[in-house]
1. Please compute the Kirkwood hydrodynamic radius over the stretch 31-143, one decimal place, Å, based on all pairs of different Cα atoms.
2. For the stretch 35-50, just list the computed ³J(HN,Hα) in residue order, Karplus coefficients 6.51, -1.76 and 1.60, θ = phi - 60°, integers in Hz, with x standing in for Gly and Pro.
3. Which whole-Hz ³J(HN,Hα) couplings does the stretch 133-142 yield from phi under the Karplus relation 6.51 cos²θ - 1.76 cosθ + 1.60, θ = phi - 60°, glycine and proline marked x?
4. Tell me the label-point distance for the pair Thr56, Asp133, using the 7 Å Cα-to-Cβ offset, in nm and rounded to one decimal.
5. For the stretch 58-65, in order, what is each residue's ³J(HN,Hα) by Karplus, 6.51 cos²θ - 1.76 cosθ + 1.60 with θ = phi - 60°, in whole Hz (x at glycine and Pro)?
6. Would you mind checking which residues have amide H under 5 Å from Phe79's amide H? H placed 1.01 Å from N; only 5 or more apart, or other chain.
7. Mind scanning Lys40/Lys120; Lys41/Lys70; Lys51/Lys104 and naming the pairs with a C-alpha gap bigger than 31 Å?
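Throughout, read-outs are computed from the coordinates displayed, never taken from laboratory work. The structure displayed is predicted, hence computed values, not measured ones. Neighbour counts run over all protein chains shown; Cβ positions are idealised from the backbone, glycine included.
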Amino acid sequence: MKIVVFLFLSAVVCELTYAAYLDDFRVTDLAIRSISDKFKKALENLKEIIKSGNATIGIPILDPFYLAHKEINAVNNIFTGTIAVANFNFDGLSTYIVRNADFKIAKWNITVDFLWPNVKGKTAYDVQGHALDKILVYGSGDL
């Protein structure tokens with residue numbers, strides 16, 4: 001297994017090191033071919049899948065996102081009870097901007113910075129439970 005990882009990392013290092021010299025010795029090609037840039041481009045391309053879905057791999061249309069009904073039973077130190085939402089709508093999930101996408105193979109570290117400039121949501125909710133095992137929490141309405 002260590003040999004496979006070593007060979008994979010060697011191939012990646014060679015690709016990144018010598019990519020700049022393959023096309024007329026342009027150093028800018030190294031940045032274009034870097035893994036982080038490819039990762040960022042893949043995240044940008046994901047916008048189209050969020051808008052239209054992909055039946056082949058089983059991804060539904062996520063923008064706009066709709067959920068008819070969801071009930072969550074929460075049990076923890078802070079809140080114990082039931083939270084229900086109905087007609088949950090989110091619009092604008094595919095309008096994100098990838099401000100930073102950094103993928104480091106050596107450390108298996110991924111850092112992503114998204115910005116959603118215009119996300120709108122609407123839902124009906126119902127909450128029944130207790131906070132800190134003492135305070136009665138209840139209510140329903142629209143958000």
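1. 17.2 Å
2. For the stretch 35-50, the Karplus curve yields 5, 5, 5, 5, 5, 5, 4, 5, 5, 5, 5, 5, 4, 5, 5, 5 Hz.
3. 6, 9, 9, 6, 10, 7, x, 8, x, 10
4. Placing both labels 7 Å beyond Cα along the Cβ direction yields 5.4 nm.
5. Using θ = phi - 60°, the values come out as x, 9, x, 5, 10, 9, x, 8 Hz.
6. Under 5 Å from the amide H of Phe79 lie the amide H atoms of Leu132, each far enough along the sequence or on another chain.
7. Lys41/Lys70
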